[in-house]
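Trainee: One structure coming up, written as structure tokens, with questions to follow.
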Amino acid sequence: MGLTQIGASILTALLVGMWTRGAARGIFLLALSALAVFWFQPAIPLRSFDFWIPSLSILLVVLVWFITSNAGAWRSHQNLIGLAVIIGVVTLVDLTRYIFPDPILTTTTPPRLIVVIGFFALATFVVATSTILSRRLTFALTFAILLLVAILVILKSPILSLQLSILFRALTNRPLDTASALDLRWLGFSYISFRLIHVLRDKQTGQLPELSLPEFATYVVFFPSLSAGPIDRAERFAGDLRKEFILTQDETLLAGQRILIGLFKKFVIADTLALMALNDALATQVHATGWMWFHLYAYAFQIYFDFSGYTDIAIGIARLAGIKLPENFTSPYAKPNLAQFWNSWHITLTQWIRAYFFNPFNRWIRGYKSLPAWTMLLAGQLATMLLIGLWHGVTVNFILWGAWHGVGLFLQNRWSNFAKTRFTVTNPSLQTAMHIGGLLLTFHFVALGWVFFALSSPALSFDALMKLFDIR
């Protein structure tokens, strides 16, 4: 989100918090969130895709709600209103083509109304068919999860994204030589997909409470957390929506304080550090070891202040509307070991991965009783961190970054278990020294891992690591 979008989000959240009560608050938040899906979507060189990609986000939300809700739930008054709001928002965005001389909610002119009516007809057929099949086929929910994962893999893989862009350009008679993997920028899909997968998995295991369409749709595309998280849980979010909320002076001050802190982190500290943070050009041009460390430190703090700043802004804006989003960062660079770092960095992603991958994976691998315990632990931690790396992008460097942390967590676990049985430190001064030593070691391990995250290729990354340690 840019400053204009943040300002508009603050204003709309304030108006919702001050002027709406009960079910009306949920409906207004649904309408605003659905509009934000279009308005926040970045420009795309493919014709009308800045309209179609947000429309597909909303279609996926509606589709998942239908296949996970109880039979006939859509007929309730509340759900019909929610469906009408969603259809109305998409139609309104399209009608701006005829009302305003220039696009105001999309970067390019939306398609003609007759085309959007055709989209509604096709969407109705897809939703109805999928709902019927989901009631009859036991693997329907699994198929939906695999579909979301497939879309995520395509979007995160530069090679697959490029090929898909070439295909779309060929279908729309656009020049192929300017195709790029960045042509398909699907705003917030990393977070949308994980929220939808969470709901689908909980439905499979019988843990999903009944949610109305307005509650569910608002949860998935809630405008403060649409582009950068955090990844909330559906039942917790719905609980906040159902509570009566009055925006008090104290709540306004707390929310405003959080927003100001986030703005300062992102637009003052992070954006300043970005001017000197490690990147491909600096990794190539800088040769002095000291300057390489300087640029690496700048990147380590830039990525923290950027990400945590956006999180603070999202939490503050949500609080104005009566939603208390979960924390995502709790001083991660002040932790004395890698496990505590990951319990404090992007907390909601870590918890999601733990609940839906790490724990099931560990239960599965324990079935192989012939494997040594250390092998199971290594496999679980390595697979988990590789998955987190791939979530950021299907590239060799993100795989290396994930492997770096997977192996690091395993070694830290082995050392902790070894030290517990052999060392007992009672001297307070020594305990303090060991804590500081652990903090410095953990920070530098994480910082060295950022080399793979910041740079685009393994060759550049390994060259940068050589310069950091003055190895020629």
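Trainee: For the range 213-231 and the range 153-167, compute the distance between their C-alpha centroids and round to whole Å.
Mentor: 26 Å
Trainee: With a point put 7 Å past each Cα toward its Cβ, work out how far Ala355 is from Ile151 in nm, to one decimal.
Mentor: 2.1 nm
Trainee: Using the number of other C-beta atoms within 10 angstrom as an exposure proxy, rank Arg136, Arg233 with the fewest first.
Mentor: Arg136, Arg233
Trainee: Right, another one. Round to a whole angstrom and tell me the spacing of the C-alpha centers of the range 261-299 and the range 1-43.
Mentor: The two parts, judged by their Cα centres, are 33 Å apart.
Trainee: Also, I was wondering about something else. Where a Cα-Cα gap under 30 Å defines reach, which lysines qualify for Lys420, not counting those fewer than 8 residues away within the same chain?
Mentor: Those lysines meeting the cut-off are Lys335, Lys369.
Trainee: Aspartates and glutamates near Lys203 by alpha-carbon distance under 18 Å, same-chain residues fewer than 8 away left out - which ones?
Mentor: Cα-Cα hits under 18 Å: Glu215, Asp232, Glu235.
Trainee: For Thr205 paired with Leu11, estimate the spin-label separation in nm (one decimal), with each label point 7 Å from Cα along the Cα-to-Cβ line.
Mentor: 4.3 nm
Trainee: Order of 209-222, 327-340 by packing, highest average Cβ count within 10 Å first?
Mentor: 209-222, 327-340
Trainee: Same structure, new question: In percent, how large is the relative contact order of the chain, given Cα pairs closer than 8 Å and 6 or more residues apart?
Mentor: So the answer I get is 16 percent.
Trainee: Would you mind calculating the gained length between His444 and Leu430 on full extension (0.36 nm times residue separation, minus the Cα-Cα distance), in nm to one decimal?
Mentor: Length difference between fully extended and current span is 2.9 nm.
Trainee: In addition: Only one of the values (1) -0.45, -0.89, -1.52; (2) -0.44, -0.84, -1.32; (3) -0.54, -1.03, -1.55 was calculated from this structure for log10 I(q)/I(0) by the Debye sum over Cα atoms at q = 0.08, 0.11, 0.14 Å⁻¹; name its label.
Mentor: Only one listed value fits the structure, namely (3).
Trainee: With each label point set 7 Å from Cα along the Cα-Cβ vector, what nm distance links Glu251 and Trp364?
Mentor: A separation of 4.3 nm, rounded to one decimal place.
Trainee: Within 10 Å, count the other beta carbons around each residue, average over each peptide in 186-199, 70-83, and list them highest first.
Mentor: By packing density, highest mean first, the sequence is 186-199, 70-83.
Trainee: Any chance you could check the Cα centroid distance between the range 91-140 and the range 364-413 for me, in angstrom?
Mentor: 40 Å
Taken together, the values in this text are just the output of simple stated rules run on the coordinates, not laboratory data. Please read these numbers as outputs of a predicted model, since none were measured by experiment. With ideal geometry, Cβ positions are generated from the backbone for all residues, glycine too; neighbour counts draw on all protein chains shown.
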